[in-house]
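A.B. asks: Next up is a structure, given as structure tokens.
The values are calculated or read from the model by the stated rules, or taken from the named source; none is laboratory data. Quick caveat: nothing in here was measured; it's all calculated off a predicted structure. Because the Cβ atoms are built from the backbone with ideal geometry, glycine has one as well, and the counts that use them run over all protein chains shown.
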Amino acid sequence: MTLRTKLLTALAALTSIAGGAALATEPSPLLEKKPLPEHKLPASKKGNLVVGLCDGETAMEVKGVKEGGKMSRSQALQVTGQLMEEWRRKNPNANWDDVPAPASGQLVAQAPTPPPSPNPQGPRSPPAVSPTPQKPAAGSSVGTAGPTSASGAPQAGAQLKTNIQSGHTYGSFSERDEAIWAESTKAFVEEGNRVFHDADALGGTIAVSCDMCHPDAANTHPETYPKYQVQLGRVAMLRDMINWCIQNPVRGKPLADDDPKMKALEAFIYARRKGVPLEFGKH
Ligand code: HEC
């Protein structure tokens, strides 16, 4: 290889690297931010309130309530019931369960907190062998590290403290930690449960809440996301559908993706489907 060829080869290699880098940084159209499309609701000739469904098609005029007005809860129940009736008539073969799946029915009521094990060596007790080398208890003259069968309760306490202090997250949790995590998770899910059932908390303006059509979060199918949603004209995540439904039928403002209410709603909806296999893209 002459010097010239060598130089040319090196130049070609550099160009291809630069080209590759340029390709890699080119913005993908899939990652562009696109606002959600607008629901198109037919206007009422009399200026009455028109409530649209999550399908982006079905809508109903509410007699006696003007656009900008609020229904009573019983009116909202009646209207959502009628909208669902209409939707079922139009979609007789839709994947819509009449009652929440039995697996989901117990989730919120049943705290994920395990009862404390009566047997300290039971499966829920903290790991018997710490994955991190044990330090000798304070005041101990034992120079070598390692679990010994002689380690008593006070020593175990010292061990736990040592691990927490040295930041070994996975090596130091106790039954109490687990109970706190479970309680915190349960409380967050419960908060989502509350928002899901509360038109005002959802930012709704017409007294409609999610549970009126999705009792116990039924038929929200979180396990099928991401999937293409025709009404959104895109591949949607669960939160996109939550926001779409907040706009209509609930008539609230879409929540930011990092809004704690959005997170709580997601938490509740996912929690209700515990045990259902993930099946993204399923219709
Ligand atoms: C008036 C009845 C009604 C109300 C109220 C309602 N929805 Fe829906 N929702 C529907 C219907 C009907 C569909 C199915 C639409 C379709 O498949 O085109 C649906 C679809 C969904 C889906 C997608 C389900 C799937 O199979 O992928 C989610 C998620 C959802 N709704 C969440 C919510 C949330 C969250 C709220 C409250 C903010 C809400 N819905 C309020 C009727 C309702």
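A.B. asks: I'm checking my understanding of the structure. Among residues of region 205-225 that are in a loop (DSSP other than H, G, I, E, B) and more than 16 Å from ALA267 (Cα to Cα), which one is nearest to the ligand (Cβ to nearest atom)?
C.D. replies: Out of the qualifying residues, it is CYS213.
A.B. asks: Here is a further query. Within region 175-185, does at least one residue satisfy the condition of being over 17 Å from GLN247 (Cβ atoms), within 17 Å of the chain's Cα centre (by Cα) and within 12 Å of the ligand (Cβ to nearest atom)?
C.D. replies: There is no residue in region 175-185 that is over 17 Å from GLN247 (Cβ atoms), within 17 Å of the chain's Cα centre (by Cα) and within 12 Å of the ligand (Cβ to nearest atom).
A.B. asks: Going through LEU265, LEU255 one at a time, which residue ends up being part of a loop (DSSP other than H, G, I, E, B) and within 11 Å of the ligand (Cβ to nearest atom)?
C.D. replies: Just a single option satisfies the conditions, and that option is LEU255.
A.B. asks: Here's something else I'd like to know. So which residues in region 226-283 are out of contact with any Gly (no Cβ under 9 Å at 6 or more places or on another chain), among the aliphatic types (A, V, I, L, M) and surrounded by 16 or more Cβ atoms within 10 Å (Cβ to Cβ), if there are any at all?
C.D. replies: ALA236, MET237, LEU238, MET241, ILE242, MET262
A.B. asks: Just to be sure before I move on: is ASP198 outside any helix (DSSP H, G or I) and modelled with pLDDT of 95 or more in the structure I sent?
C.D. replies: Answer is yes for this residue.
Table: residues versus (1) more than 9 Å from the ligand (Cβ to nearest atom); (2) more than 24 Å from LEU83 (Cβ to Cβ).
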site: TYR228; (1), (2): yes, no
site: ALA236; (1), (2): no, no
site: ARG251; (1), (2): yes, no
site: ALA271; (1), (2): yes, yes
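A.B. asks: Let me ask something additional. Between a residue in region 194-218 that is without any contact (Cβ under 8 Å) to a residue 24 or more places away in the chain and any residue that is near the ligand (Cβ under 10 Å from one of its atoms) and not in a loop (DSSP other than H, G, I, E, B), which pairs come within a Cβ distance under 8 Å, given they are 6 or more apart or on different chains?
C.D. replies: HIS197/CYS210; HIS197/ASP211; ASP211/PHE196; ASP211/ALA217; HIS214/PHE196
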